Each structure stands twice: as structure tokens, then as C-alpha cells.
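A quick write-up on the structure given underneath.
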Amino acid sequence: MANNRHFTINSDNLDELLTGYVLSALEPDEMLAVEAHLQAHPELRSRVRRLEETTALLAYAAPQVAPPASAKERLLARAQEATQMPQFTPIPVANDEATKYYLQQPLLPRAYTPLNRSEAAPIRIERRSTWFDLSFGWKAVTVGAAVALLFFVVLATQLQNRLNQVVSQLNVVQQQMAALQENNSQLQQTNLTQQRALADLVNTTQVIQLTGSNGAAVFMVDAQHGTLIIHGLAPLPPDQIYELWLIPANADPVAAGRIQIENQNTPTLISDVPLTLSNFAAVGVSIEPFRGDQPPTSPTGPIVLLGQRT
């Protein structure tokens, strides 16, 4: 960790600083800054505990490596060499009278002669590798591997969080695109309906006005179709529906289609109404029970709009 006396703890460096704090790999001022940040934000203590538990388990995650077979043999050989007694070669003693006389004399102390340091041979102390040194080396490798593994775990967690954010944003964009496509489809349908209504207006040969107590309508007729524009009728409950009728002069009315009103204050446009009856004398709108796909055969409810063909 770089020595930076002035730094700010934020979401970008928080994971790195907490990891270094758990491993005691920060500078003293950084350790104090992180400790102060933890005191100000006690909710991060649980995160530090999880990192400490992960660090403790990483020591068991590294594979155990057996020392070389020659290490044990070298260690035993050195131990045996250190415990062996030196071998002395006996000095032959001459068997004469002078030698016997010399051996019988008492040993007299010699005068002490100081050793000249310049003449003394340098003493070399050779440090021999022991089994403890080899074991410590393997432990250092294990700790290094554990630190590297912890770093990759933190990095993978950050990448996974970023990936989740990207996926969430992508889902939001896809939902927005679906909504835009739906709106575009509705606009295209509305545009097509308006184009048909405009074509009907251009080819209109007769206009019939319908009036009632709560609304009004205009029915425009061309050679084969009709266009109906209604305003002022209130929406009906699900069990009722508005029905358009073509009424001849001396016969029963003929159903010309259902009318769905969604907003009383917004005009409702219905184009391409088939003229199932060409010689009708009037046009009416009634309220009928909703029977699914089965059309009514004659009006059974009240007629709310009516207009005469001239």
C-alpha cells in the first residue's frame, strides 16, 4: 500500500483498504484512518469480520507441498556428523631411557604469550540450514499464496457486483424499449384508423346526424362503408355494450357493430362500418347486454342516439 498522508476513503478504495487493514498491510496513518472510519461507520464491522474469517480459511486453501526427499537425508547426515567424536591417531612413544625420564618429569606452566591479532587466522562461522528454515520458507510461500487468493476473491466480488449492475441496467433499457415499441404500435394503429377515416370523409356521399339526451354522433356514408364519430356517451359496465343499428322503413333493425366507449369527454371514431343494409331509413345506438361473441338480433335496451336519413 502506497504511503499517502492525505487520502479519502470512498466506495472506490474501501474494499482495498479493508483488505489491507485485515492483513495489517497498510501504513500506520492508513491503519488509523481506516480504524476511525470503522468507528464512524460501525455497520462495516461485519464486513471486516467476514474478511478476517476468509483470511483465516485461506491458510488451509493452499496445497500442502512435501519437502524434497534429499532434505531429510542431508539433515540426518549433519546431525550424525555433529555428534561424532573426533578420531585421534596415537603417537608412537620411543622406548628409551631419555623418553622415560622426560615423561616422569612434572609439567611446568609455560609463560603466556599473547596472540598477535594480525597473525591470527580469521574465524568463519558457517550457518547451516536447518529443518526450521525449510519449514519457514514453505510457510512464507503459503502465506503469499493466501494473500494472492484473497486479492482475487475481492476482485471477483467487485466484478460480480459490477456485472449485476450492468444486467439490471440492461433489463431497465429492455423494458423501456418494449414500452416504446408498444406505444409505436398504438400510434401506427391510430394513424391507420385516421387515414381510413380521412378516406371515408373524402368519399362520403351522405352525412346523418344522431342526437340524444346525453350525447351526439355523426354517421358518414359512402358507397360501401360508413364512419361513425360519437361524443358524450358515458362508458358502460362490463356486462353492457353499445350497439349500432341500421333501421329500414318497414322492417326490423339490423345490427351494424358494437361500440366501445372508453372516455365520455373524448370522441370515439369507428371506421369501416359495413353497410349490411343499403336501403336503411335511420341510424340508432342502443344499450344491450353483453353476450360475448353472439350479436343481438334486435334492440332490447334503450335507444340513446337516433338519426334520420334524408
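The values are calculated or read from the model by the stated rules, or taken from the named source; none is laboratory data. This is a predicted model, so every value here is computed, not measured. Please note: Cβ atoms are built from the backbone with ideal geometry, for glycine as well, and neighbour counts cover all protein chains shown.
What are the residue pairs meeting all of these: first residue in region 294-310, first residue closer than 10 Å to Ile247 by Cα, second residue of a type in the set (Phe, Trp, Tyr) and not in a strand (DSSP E or B), Cβ atoms under 8 Å, and 6 or more apart or on different chains?
Arg309/Phe280
Applying the selection to region 231-273, what residues are buried (at least 17 other Cβ atoms within 10 Å of the Cβ), over 19 Å from Gln189 (Cα atoms) and aliphatic (A, V, I, L, M)?
Passing the criteria: Leu233, Ile241, Leu244, Leu246, Ile247, Ala255, Ala256.
Within region 149-193, track down each residue that is over 30 Å from Asn13 (Cα atoms) and not polar (S, T, N, Q).
Answer for region 149-193, where residues must be over 30 Å from Asn13 (Cα atoms) and not polar (S, T, N, Q): Met177, Ala178, Ala179, Leu180, Glu182, Leu187, Leu192.
For residues in region 43-64 being touching a Ser or Thr at 6+ places or on another chain (Cβ under 7 Å) and part of a helix (DSSP H, G or I), which is modelled with the lowest pLDDT?
Going through the qualifying residues, I end up with Ala59.
Any residue that is farther than 21 Å from Phe151 by Cα and either at pLDDT 75 or above or exposed (fewer than 10 other Cβ atoms within 10 Å of the Cβ) (or both) - is there at least one of those in region 9-22?
The answer is no; no qualifying residue exists.
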